[in-house]
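No value in this document is a laboratory result; all are computed from the given coordinates. This is a predicted model, so every value here is computed, not measured. Cβ placement follows ideal geometry from the backbone for every residue including glycine, while neighbour counts extend to all protein chains displayed.
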């Protein structure tokens, strides 16, 4: 990897190979990995929530690691609403038997849990299937992203 490229971790809609090809034509998938100690959640407006990851003991999120150029990163910054909606963090990812550091977009605090639109969910689902990830993780994330009151009711 040369000096002006970096590793980027996709866990949501950017798992979708067609979407990434359109948005970041010079990005190259490096391989499937896992973020240990995290969980996938959906946050945002009611039926328009989007994916994020949150620290969670014992959790694990399947990810696709990409090698991106500065132009790809600029396109991702626009798409992700950086720095207002998402921030960038360096995270550890298990990739091919070793741990690598990669950049991830993580949603800023303060947004409620919510459900993704059918279109957005289908985009991520296609990415999960393309990568061979366990779709149960994605299904569980939608179930985990329902706001409940103090009595545990939706």
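Summary table below
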read-out	value
Cβ-based exposure ranking for 22, 144, in which fewest neighbours within 10 Å come first	22, 144
Whether region 70-112 is rounded, prolate or oblate, judged on the alpha carbon gyration tensor where a/c under 1.5 counts as rounded	oblate
Geometric extent, Cα atoms of region 6-143 - Rg, Dmax (angstrom)	13.7, 39
Mean Cα-pair separation over length for the chain, i.e. relative contact order, pairs under 8 Å, 6 or more apart, %	31 percent
